[in-house]
Each structure stands twice: as structure tokens, then as C-alpha cells.
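J.: This is the structure I want to talk about, given as C-alpha cells.
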Amino acid sequence: MDALAATPGGTAADAAGLAALVRLLAGRGAVVLSGAGLSTESGIPDYRGETGSRRRAAPMTFQEFTGSAAARQRYWARSHVGWRAIAAAEPNAGHRAVERLRRSGHVSAVITQNVDGLHRAAGTRTAVELHGGLHRVVCLDCRRTSPRTELDRRLEELNGGFRDGPARGNPDGDAELAPESVAAFRVAPCAVCGGVLKPDVVFFGESVPRPRVERCFELVDAAQGLLVLGSSLTVMSGLRFVRRAARAGTPVVIVNQGATRGDELAAARVGLPLGAVLTEAARRVRAS
Ligand SMILES: [Zn+2]
């Protein structure tokens, strides 16, 4: 086990799972499906995982966001503070190991449920961001997309110093704020048409665009194996790819601390920290 030998809680099942993971990678052409658990070692909380703190408020739905200016003011005020943590986060050993495995051909594609952009920051420019990315903003009226950094500058001009408010972060770039802070926040409209800006992420109550889903099904159909990293597969948007792979007889290996909804479909499971597991797996695959 080398790097993992000192990991508390490592079991015989984890050792067998790691061996299965290495075999799957050695076959080349594995597709990665990653979730919030992969980013916790970058300091981004996972509100569903064992390591995460459960958020106090439910995330805003698409219907709420589009339904009222007050909801959008609340969203952008909280997001303006929460974005600081996302923008400052850096890829961890897990993201870097995935990118090494992709360059060596052991991983053929990366699909992520995360909106934090950390696969891209690690060099995986081709990662399919299933739920979009917080680093982009889209206008709901003219559909123009623009960088979040651009909006951030405008929001900063309108709300100088606002970021210093009390914040408790969530993985979707949300932060919890007092209602009086929210009420003072000034929202920026689209710089081109004056329309409503929304982060280019899929909200609860909204569907992943169909072409993006089809692209992911194609990747999974062509895969030699599916590797789930740090997702409890709670939402169907990720679970459907595990079901698709299992139906086709494509082996599924899950690395996640805690049970997942895909466990009974998996050929093997590893319940150890992702950075250490992926670093060790990448080392063994190169050695084999
Ligand atoms: Zn516009």
C-alpha cells in the first residue's frame, strides 16, 4: 500500500478496491466521473460527503432565481462573497493525478459534476462540466456568455468592500449572509443588453442541456471502464452514467468516502482519501 499504508481506516476491501482500480486504469480508456468529494482537499466543502458540513439553506432553484429580482439580489450577494473561496482554490493531488493519467492515455475523458473549474485549472481543458462552471456568466436575455472575472470587477465597483461580510462557504460558490447585507447589495445587469445575468451553471430545477448529456453518454459508451471519484451519486444527473455503464457491462469502480447510490452497480469500491488513492494508483499504473 505504500503511500496509503498509514491511512487510518484502510481495510482489506479498500486494498482489493485499489487493486481493481489499478487494473481498470491499466486497461486504458477509462472515463472519470468526478463529484464534490474530489475538491474537498482543495478546501471546497462537500455538503453531502462525510467531510462536509451540511448547508443550512437549500440551494436556490432556477424558478426562484428567474422569478424575482429580490431572489437574484440574494443570490448575487451571497455568490459575490462565496466566489472568493472558489476563485482562490487550487487543484489538489487528486486533480493532478487525473490529469497525469489522462496524458498517459489511461484516462480517456473526464466528466465532472463540479462547477469549481479545478479540473481545467489542473490542465484538463477537455473536462466536460456537466453542471456548467462558476467562472462563466450567461445573459438570460441575449445568451451572451462572459467571464466571471469581468462581472466580479463590475460588482466590486458597485459594492466596494462588500466581500468582508461574514461568510460560510458552499461548494456551489454560495455563502451565507445576514439579510441586511443582502438588502444593501447592488446587482449588475448584462453589459450588452441590460438583461438578467446568471452564472453559467445548472441550477436545481433546471435540466442539463441535452447535447451535453448526449456527449457524456457517448464518452461512457466508448469507455473501457467508468471511474467515479468523490460523488455520492445522489442526483440522477450523475447516477444515470453509472447505470448506463453497468448495463453495457463496462466495469465501474467507485472511490468515495461514504456509501453511494451506485455501490451495488460497482465492481469495486475504495473508501479512502482521493488525493492519496489517485496518486498511488497513478504510480502503480506507470510502474506496471
Ligand atoms: Zn444580454
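The values are calculated or read from the model by the stated rules, or taken from the named source; none is laboratory data. Keep in mind that this is a model prediction, so the values were computed, not measured. When we count neighbours, we look across all protein chains shown, and the Cβ atoms used for this are built from the backbone with ideal geometry, even at glycine. All accessible areas refer to the heavy atoms of the entire protein, side chains included, with ligands and DNA or RNA removed. Shrake-Rupley method; radii C 1.70, N 1.55, O 1.52, S 1.80 Å.
J.: Tell me whether the stretch 168-178 contains one or more residues that are within 16 Å of the ligand (Cβ to nearest atom), surrounded by 20 or more Cβ atoms within 10 Å (Cβ to Cβ), of a type in the set (A, V, I, L, M) and closer than 27 Å to S68 by Cβ.
T.: Scanning the stretch 168-178 turns up no residue that is within 16 Å of the ligand (Cβ to nearest atom), surrounded by 20 or more Cβ atoms within 10 Å (Cβ to Cβ), of a type in the set (A, V, I, L, M) and closer than 27 Å to S68 by Cβ.
J.: Please go through the stretch 263-288 and pick out each residue that is part of a helix (DSSP H, G or I), surrounded by fewer than 21 Cβ atoms within 10 Å (Cβ to Cβ) and of a type outside the set (A, V, I, L, M, F, W, C).
T.: D263, E264, G275, T279, R283, R284, R286
J.: Further question: Which ones in the stretch 234-258 are assigned to a loop (DSSP other than H, G, I, E, B) and either over 17 Å from D46 (Cα atoms) or at pLDDT 95 or above (or both)?
T.: A248, G249, T250, P251, N256
J.: Being surrounded by 15 or more Cβ atoms within 10 Å (Cβ to Cβ) and either modelled with pLDDT under 95 or within 16 Å of the ligand (Cβ to nearest atom) (or both) narrows it down to one of R84, R96, R100, R143, so name that one.
T.: Matching residue, one of R84, R96, R100, R143: R84.
J.: To continue, here is another question. Condition test on V137, is it closer than 23 Å to S237 by Cα, within 16 Å of the ligand (Cβ to nearest atom) and open to solvent by less than 40 Å² (accessible area, probe 1.4 Å)?
T.: Spelling it out, V137 is indeed closer than 23 Å to S237 by Cα, within 16 Å of the ligand (Cβ to nearest atom) and open to solvent by less than 40 Å² (accessible area, probe 1.4 Å).
J.: Can I ask one more? Where residues in the stretch 233-258 are touching a strand residue (DSSP E or B) at 6+ places or on another chain (Cβ under 9 Å) and among the small types (G, A, S), which of them is nearest to F203 (Cα to Cα)?
T.: Out of the qualifying residues, it is G238.
J.: Restricting the search to the stretch 96-146, which residues are over 17 Å from A30 (Cα atoms), in contact with a helix residue (DSSP H, G or I) (Cβ under 7 Å, 6 or more places away or on another chain) and not in a loop (DSSP other than H, G, I, E, B)?
T.: Matches in the stretch 96-146: L118, L134, H135, R136, V137.
J.: Could you pull out the residue among G230, G249 that is open to solvent by 50 Å² or more (accessible area, probe 1.4 Å), at positive phi and among the small types (G, A, S)?
T.: Just one listed residue meets the conditions, G249.
J.: Among the residues of the stretch 72-89, write down those that are in a helix (DSSP H, G or I) and under 17 Å from D116 (Cβ atoms).
T.: R78, S79, H80, V81, G82, W83, R84, A85, I86, A87, A88
J.: So how many residues does the stretch 255-286 have that are touching a residue at least 60 places away in the same chain (Cβ under 8 Å), hydroxyl-bearing (S, T, Y) and touching a Ser or Thr at 6+ places or on another chain (Cβ under 7 Å)?
T.: Residues meeting the conditions: 0.
J.: Would you be able to say whether some residue in the stretch 189-199 is more than 16 Å from the ligand (Cβ to nearest atom) and among the aliphatic types (A, V, I, L, M)?
T.: So far as the stretch 189-199 goes, no, none of its residues is more than 16 Å from the ligand (Cβ to nearest atom) and among the aliphatic types (A, V, I, L, M).
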